[in-house]
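As structure tokens, the structure follows; a few thoughts come after it.
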């Protein structure tokens with residue numbers, strides 16, 4: 001055999017070997033597909049154990065912390081803010097001086113009111129003297145009239161003077177009363193130039209700075225904001241889908257972003273009946289309100305609170321993942337698939353309790369340690 005013939009025969013053998021290998025691979029793949037399609041491959045279950053745990057069903061909400069009593073301290077007179085006696089963060093007592101508005105215009109107005117009162121008092125005194133004289137003249141003229149020593153015209157003139165002085169006295173008395181009212185109002189306005197704390201509390205913010213002019217003709221301009229922070233109020237936004245579940249007295253706890261591991265507990269005080277809509281949606285929210293002590297001064301106004309209002313809760317009860325629940329029966333029980341040894345699966349019927357959409361309490365039908373099916377894949381896997 002020639003060398004060329006030898007190599008030609010060798011190449012043919014290689015080609016035939018490749019064809020055989022390809023055919024074998026295709027056959028194996030087809031067999032695998034056939035087995036998968038025919039269900040011969042073993043079903044694999046994802047499972048979880050029934051465990052004794054604590055469980056709660058709660059409404060989650062985001063809230064905001066505010067001072068229990070929060071007020072805007074304003075000016076009741078117009079003028080230049082002459083001085084501020086406090087700064088943000090200061091603790092103040094009721095009736096403590098907070099700020100002063102330039103008192104000079106109010107002092108001048110009071111002086112004018114006092115002068116007016118003095119002037120009217122002097123006029124009234126003079127009128128009283130004139131009245132006494134008119135009464136004396138009238139009495140004398142009336143007595144002389146019976147003797148015809150004076151004319152009827154003189155008698156009438158004396159009587160007219162008497163009535164005039166009486167009317168003047170009434171008018172001056174009324175003017176004097178008005179002047180006293182204006183004097184009192186001027187004194188009050190002068191007092192209003194000194195702004196005092198309406199309650200014990202803490203200064204939150206300064207709104208008007210020294211040197212600014214405030215105008216109080218239509219509404220009281222705000223000088224500063226203050227609040228009582230010993231007790232804070234939490235306003236938690238509850239969706240309209242959950243608000244009917246909220247009742248006074250329900251336990252609630254919340255955390256703040258700066259200390260997420262610490263729970264702060266309180267009872268719900270009330271749910272506000274007035275709703276508000278979201279900024280970028282038509283969803284309606286209602287405020288659930290509750291107080292919380294701030295003895296450690298850890299809470300600040302407008303701080304975010306992550307709130308959970310507990311509707312139901314139990315400790316140390318048997319629970320399983322909600323994903324394990326099957327169909328609901330007429331008697332209220334649910335079917336649950338339970339793994340036995342190997343790949344054995346049996347069906348149990350359980351009575352559920354608290355369901356928080358993640359885990360569900362099992363009152364009967366299972367025991368701690370039972371493994372329930374929560375899904376299927378490929379060998380038995382547990383979670």
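Any read-out appearing in this document is the output of simple, stated calculations on the displayed coordinates, not a laboratory observation. If you're wondering where the values come from, they're calculated on a predicted model, not measured in any experiment. Glycine also receives a Cβ, built like all others from the backbone with ideal geometry; neighbour counts cover every protein chain displayed.
Full-extension gain between residue 68 and residue 143, please, as 0.36 nm times their residue separation minus the C-alpha to C-alpha distance.
19.1 nm
At 7 Å along the Cα-to-beta-carbon direction for both residue 279 and residue 126, put a label point, then send me their distance in nm to one decimal.
7.0
Which FRET efficiency value, to the nearest 0.05, do you get for residue 297 and residue 97 by plugging their Cβ-Cβ distance into 1/(1 + (r/R0)^6) with R0 = 30 Å?
Once the sixth-power term is evaluated, E becomes 0.80.
In angstroms, what radius of gyration and Dmax does region 103-192 have, counting Cα atoms only?
Computed over the Cα atoms of region 103-192, radius of gyration and Dmax are 19.8, 67 Å.
For every helix of n ≥ 4 consecutive DSSP H residues, a contribution of -39,500 (n - 2.57) applies; sum these over the chain, divide by its total residues, and give [θ] at 222 nm rounded to the nearest 500 deg cm²/dmol.
Rounded to the nearest 500, it is -11500 deg cm²/dmol.
Run the simple label-point estimate for residue 90 and residue 343 please: 7 Å along Cα→C-beta, distance reported in nm.
8.0
Report the normalised scattering of region 59-208 as log10 I(q)/I(0) at q = 0.21 Å⁻¹, calculated by the Debye formula with identical scatterers on the alpha carbons.
For region 59-208 at q = 0.21 Å⁻¹, log10 I(q)/I(0) is -1.16.
At a Förster distance of 25 Å, what's the computed FRET efficiency of residue 240 paired with residue 357, Cβ-Cβ distance as r, to 0.05?
My answer for the efficiency is 0.85.
Give the calculated FRET efficiency between residue 180 and residue 230 to the nearest 0.05, with a Förster radius of 41 Å applied to their Cβ-Cβ distance.
Calculated transfer efficiency: 0.40.
Simple spin-label model, 7 Å along Cα-to-Cβ: residue 216 to residue 259 in nm?
Calculated label separation equals 4.0 nm.
Which one is right for this structure if percent of Cα pairs over 25 Å apart is calculated from it: (i) 55; (ii) 48; (iii) 78?
Of the listed options (i) 55; (ii) 48; (iii) 78, (iii) comes from this structure.
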